[in-house]
Ligand code: MRU
């Protein structure tokens, strides 16, 4: 049965106005649902860099629509698209979907005549988004089988732990790590999610918690360091996270802190799965620790915390002014700590052979 959340989208063209693309401004959640207009391609760069949109698939989709806007609003569209592509690719370094989407859009642009360029790019961006929804649903169906298997072995809820937001807000809809949870919830399985807060940007407490609450899925917010304790006490049945880049050998880069969850899961015999669309696989990279660029972000994200006070969002500093800060946004979990990869084509071992069996054409690269 369809419900309002089935038609949820994180990015769309504004009504009849084909010159404007709209996004949910995720910096405002969970306090306010705000929609932001993207008109110039530079708006797309800002939205990605400042994290109005985030999450690997949505970053790619936003870049795709930004390239369309570059062509739509320029008198010299081919040069403008090239310039936009360069700036968009540099907006955030870790999620490989960004480069993937840009390359796909540039190929679509090359195949189009000058007067059809903008229309062709608009179609391609829309196709990327529509396909992302199908991909998330594919991940959801394969992940659902894992949750069903756990449900069959126990009384009480299936306890899933997740880190960051690999949810509907990180994709076009459904999410990657959350798709199995949403399908399980719809299927009537008793499912409960432990939501890691995910410092410093709090994607867990601000975004994952918001979307689980919107969809009526049982969840509990925990601080980032609680996962190991919960696993020691048998309170986590499965960990499912997303990823920003997965190497051909199955190493996964994801939000900082994911690696520590994988270590704790390994020590406690808790299955640790990573959900990913094939657009997140970097077939050129093999050794994740050596080859995946890790974004370092503004120290202000660590020293300052936003929150709601008397109906207004205020930002406060929590650290001494003289203390130097490191803000590493992602880490790499080696394949040996990953129980399996949940893709749109099925669940596989986190290894070159596992991925190649599902994606033989891409693996030949
Ligand atoms: O910095 P963010 O919020 O873009 O990081 C997002 C994540 O780490 C997600 O887990 C990842 O992009 C997968 S999204 C389906």
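Derivation of every value follows stated rules applied to the coordinates shown; laboratory data play no part. In this text, all values refer to a predicted model and were calculated from it rather than measured experimentally. Note that we place each Cβ from the backbone using ideal geometry, even for glycine, and neighbour counts take in every protein chain shown.
Relative contact order, percent, of the chain when contacts are C-alpha pairs under 8 Å separated by at least 6 residues?
The normalised contact order for the chain reaches 15 percent.
Could you order the peptides 54-64, 139-149 from most to least packed, using the average number of other C-beta atoms within 10 Å per residue?
54-64, 139-149
Percent relative contact order of region 11-131, based on C-alpha pairs within less than 8 angstrom and at least six residues apart?
Once divided by the residue count of region 11-131, the mean separation gives 23 percent.
Can you tell me how region 142-363 classifies by the Cα gyration tensor, rounded, prolate or oblate, using a/c under 1.5 as the rounded cut?
It comes out oblate by the Cα gyration axes.
I'd like the antiparallel share, as a percent to the nearest 5, of DSSP beta bridges with both residues in the chain.
If I count the DSSP bridges inside the chain, around 55 percent turn out antiparallel.
State the antiparallel share, in %, of DSSP beta bridges confined to region 138-258, rounding to the nearest 5.
Expressed as a percentage, antiparallel bridges in region 138-258 total about 15.
Kindly give Rg over Rh for region 180-310, based on alpha-carbon atoms, with the Kirkwood expression for the hydrodynamic radius.
Here the Rg-to-Rh quotient is 0.98.
Can you give the helix-only mean residue ellipticity at 222 nm for the chain, where every DSSP H stretch with n ≥ 4 adds -39500 (n - 2.57) and the sum goes over all residues, rounded to the nearest 500 deg cm²/dmol?
-11500 deg cm²/dmol
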